[in-house]
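Q: What follows is a structure written as structure tokens; I'll ask about it next.
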Amino acid sequence: MDKETSKYFADIITLASSVFEQVEYNTDITPERAILQIRGKYGLFQIFITELIDHKMRKYRYYVLKEDRVEAGFDNAPDPRAIRLRYGKIGGEYAGKNIPHLHLNDKTDIELTDEMTFSDFIQWFESKYYL
């Protein structure tokens, strides 16, 4: 991947390290795509971050877990429930379409969101958990 993606990943790692504890990360970079995965902690919470960038799109997952329970999980995957919320139905024309959304209450509830960056997630996290 390009230098812009490398800088983007470095910025995310720096920000994550400044907010969370015990931050561990790994990258998997090929000419076709780049993946960054981060694990960290904040008090009783476990934080799991994934950024995937390729030539066509950017996918993300920003998850907050308490024990094994999903407190909140932002992603932009082609989730059938998010597709139904956005378009009113699930159909072939929406297959594979990434829809930004938020999982709550151990993934039993879902809400549509705007596209997020890691900085947006940190702002949300800080407002929710009063950092």
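Q: Mean-square fluctuation check for the chain, GNM, Cα pairs under 10 Å: which of Leu44, Leu85, Leu36 is largest?
A: Answer for the Gaussian network model of the chain: Leu44.
Q: Moving to a separate point now. Per-residue ellipticity at 222 nm for the chain, helices alone: DSSP H runs ≥ 4 residues times -39500 (n - 2.57), over residue total, nearest 500 deg cm²/dmol?
A: -9000 deg cm²/dmol
Q: Same structure again: Could you give the accessible area per residue of the chain, probe 1.4 Å, as a whole number in Å²? Present the calculation step by step, with values, prior to reporting the outcome.
A: On the way: 7790 Å² over 131 residues.
With the other protein chains kept in place, the chain gives 59 Å² per residue.
Q: If you roll a 1.4 angstrom probe over the protein chains with everything in place, what fraction of the accessible area of region 4-49 belongs to carbon and sulfur, to the nearest %? Don't jump to the answer; show the numbers that get you there.
A: On the way: 1430 of 2810 Å².
Carbon plus sulfur share of accessible area: 51 percent.
Q: Using only the alpha-carbon atoms of region 40-109, report the extent along each of the three principal axes, biggest first, to the nearest angstrom.
A: Largest first, region 40-109 extends 42, 30, 13 Å along its Cα principal axes.
Q: What distance in nm lies between label points placed 7 Å from Cα along the C-beta direction at Gln22 and Lys3?
A: Going from the Gln22 label point to the Lys3 one covers 3.7 nm.
Q: Another one. At a probe size of 1.4 Å, how large is the accessible area of Arg84, to the nearest 10 Å²?
A: The value for Arg84 is about 130 Å².
Q: Which of Ser17, Gly91, Asn76 sits farthest toward the positive end of the charge dipole of the chain, with +1 on the Cβ of Lys and Arg and -1 on the Cβ of Asp and Glu?
A: Result: Gly91, furthest along the dipole toward the positive end.
Q: Of all accessible surface on region 50-131 at a 1.4 Å probe, what whole percent is carbon and sulfur?
A: Summing carbon and sulfur atoms, their accessible area is 47 percent of the total for region 50-131.
Q: Mind putting a number on the dipole of the chain about its Cα centre? Charges go on the C-beta only, +1 for Lys and Arg and -1 for Asp and Glu, and I need it in Debye to the nearest 20.
A: The dipole magnitude comes to about 320 debye.
Q: Taking every alpha carbon pair in the chain, what does the distance histogram look like in 10 angstrom bins from 0, in percent?
A: All Cα pairs, binned at 10 Å, distribute as 12, 41, 34, 13, 0 percent.
Q: Pick out which of Asp75, Asp106, Asp114 has the largest mean-square fluctuation in a Gaussian network model of the chain, springs linking Cα atoms closer than 10 Å.
A: Result for the chain, Cα springs under 10 Å: Asp114 fluctuates most.
Q: Name the residue, out of Glu67, Glu51, Glu93, whose mean-square fluctuation peaks in a Gaussian network model built on the chain with Cα pairs under 10 Å.
A: Highest fluctuation among the options: Glu93.
Q: Going through the cross-link list Lys7/Lys97; Lys7/Lys107; Lys3/Lys59, which pairs have a Cα-Cα distance over 30 Å in this structure?
A: Violating the 30 Å Cα-Cα cut-off are Lys7/Lys107.
The values are calculated or read from the model by the stated rules, or taken from the named source; none is laboratory data. Here the structure is a predicted model, which means the values were calculated and not measured. No Cβ is skipped: glycine too gets one built from the backbone with ideal geometry, and neighbour counts run over all protein chains shown. What goes into the accessible areas is simple: the full protein's heavy atoms, side chains included, and nothing from ligands, DNA or RNA. Shrake-Rupley method; radii C 1.70, N 1.55, O 1.52, S 1.80 Å.
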